[in-house]
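K.L.:
Have a look at this one before I ask anything.
Here, each number is a calculation from the coordinates, and none is a lab measurement. Note that the coordinates shown come from a computational prediction; the quantities given were computed from them, not determined experimentally. We place every Cβ from the backbone using ideal geometry, glycine too, and count neighbours over all the protein chains shown.
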Amino acid sequence: MNWLIGVVVAIAVVLGLLFLSGGQFIALDYKDFPRDTLEKLVTSNPLETMTITGSLEVEVDSPMTQWAMMFLPGTFFVDVRINGRKASLSIDTGAAQTFISPHLAAAAQISLTSSRLTAQHGWREIPVYMGYIRDLELGDMKIQNMPAIVGGQQLVVKLLGLPVWNFDGVLGMEPLRRLVLLLDYKRRVVVLRREPFPSQVPSVPLQILTESGLGGLEHPKPIVECFVNNSGPFSCFIDTGTSAPVFVPRETWQALGLEGQKQAYLEVRLGELELKDVPAIKANVKHITIGSNIFQAQGLKRLTLDFLAGKLYAER
């Protein structure tokens, strides 16, 4: 009887927390961070040239990947050291630069410049600082003097309304654009190379389209040519930080004859790779945006973005 009472109490607690959290099991939220703590990190030392040294190829992973994919399929984390401090960063080709939380920035003593901007993150604007990381270690690969953006508020993960984890940040296109990025969905590991990827797998030409981003900074985006429902070609933006239906620009949505539909299931072709019954919605985006979760859901074993050779490989 005692175990039954315990189960009833546990269920009541969970339901109560679910009610208090507005019905959301998992959610992201921001909390304030002392601005004076970040101001103390501002330095007048100039940013030196970024360099990548160490092993030509490293395999990195993180226990966070297993947890993240339960809620956000296709999401990869890698364990790193930032100025000697352990951290876990998500792999995000949709981010122009590496983004670091203020909590991690303070703990790792990341150097900040004096410029302060604001960025739109979801439903709010947060202050952001420009800065750089002196040393970032990805296994035996080392990156020195890497530009980074530091948020002025801390992003936290909440379960049933209770904060459970401080989000460390994302590893963005700087420095990913200088490497080969391989996402292994089967083993849930990330492989990074400093040389082009030797593969006989059919590939699709991959280019980096540079657009204007935060504060006038360059925002490099990995773009491949794609055909949708036998129409095209269109430009497809490969965003490994997105776990969502395919986002389709409104004008493209209309051109595909989908006006009036809130959601559609599309056939998307990238070279020889065919993606069938792909969920899609129209959105305020410039390019058709395909997240990492789409490739995983299609049964791919590995996705490789070879920024050095300008090729995208997809292996089933």
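K.L.:
Have a look at Val189, Leu179, Ser235 and report the one farthest towards the positive end of the charge dipole of the chain, computed about the Cα centre with Cβ charges (Lys/Arg +1, Asp/Glu -1).
P.N.:
Of the candidates, Val189 comes out farthest on the positive side.
K.L.:
Here is a further query. Please compute the Kirkwood hydrodynamic radius of segment 95-198 from all pairs of different C-alpha atoms, in Å with one decimal. It would help to have the intermediate numbers written out before the result.
P.N.:
Values: mean 1/r = 0.0654 Å⁻¹.
Here the Kirkwood hydrodynamic radius works out to 15.3 Å.
K.L.:
Among 126-133, 255-262, how do they line up from the highest to the lowest mean number of other beta-carbon atoms within 10 Å? Each step should come with its number before you reach the end.
P.N.:
Values: 126-133: 21.1, 255-262: 12.5.
Ranked from most to least packed, the peptides come out as 126-133, 255-262.
K.L.:
Here's another thing I want to ask about it. Per-residue counts of other Cβ atoms within 10 Å, averaged by peptide: what ranking do you get for 266-277, 232-243, 297-308, 28-39, highest first? Intermediate values should be presented prior to the final figure.
P.N.:
Numbers: 266-277: 16.3, 232-243: 20.4, 297-308: 18.8, 28-39: 13.4.
Highest-to-lowest ranking by the protection proxy: 232-243, 297-308, 266-277, 28-39.
K.L.:
Within segment 26-192, how many Lys pairs sit with Cα atoms under 23 Å apart, leaving out pairs fewer than 8 places apart on the same chain?
P.N.:
Working: Lys31/Lys40; Lys31/Lys86; Lys31/Lys158; Lys40/Lys86; Lys86/Lys142; Lys86/Lys158.
For segment 26-192, the number of qualifying lysine pairs is 6.
K.L.:
Determine the principal axes of the Cα atoms in segment 32-71, then give the extent along each, sorted from largest to smallest and rounded to whole angstroms.
P.N.:
38, 35, 11
K.L.:
If you take every DSSP beta bridge fully contained in the chain, what fraction is antiparallel? Give it as a percent rounded to 5. Intermediate values should be presented prior to the final figure.
P.N.:
Numbers: 86 of 100 bridges.
Just about 85 percent of them are antiparallel.
K.L.:
Next question, about the same structure. Grab the other residues whose beta carbon is less than 12 angstrom from that of Phe99, score K and R as +1, D and E as -1, and report the net. Write out the running numbers ahead of the final one.
P.N.:
Values: positive: none; negative: Asp92, Asp168, Glu174.
Result for the neighbourhood of Phe99: -3.
K.L.:
In debye, nearest 20: dipole of the chain around its Cα centre with unit charges on the Cβ of K, R (+) and D, E (-)? Spell out each step's value before the answer.
P.N.:
Numbers: 29 positive and 30 negative charges, 65 e Å.
With only Lys, Arg, Asp and Glu charged at Cβ, the dipole is about 320 debye.
K.L.:
Moving on. Calculate the dipole size of segment 26-192 relative to its Cα centre from +1 charges on Lys and Arg beta carbons and -1 charges on Asp and Glu beta carbons; express the result in debye to the nearest 20. Working shown, then result.
P.N.:
On the way: 16 positive and 17 negative charges, 36 e Å.
The dipole magnitude comes to about 180 debye.
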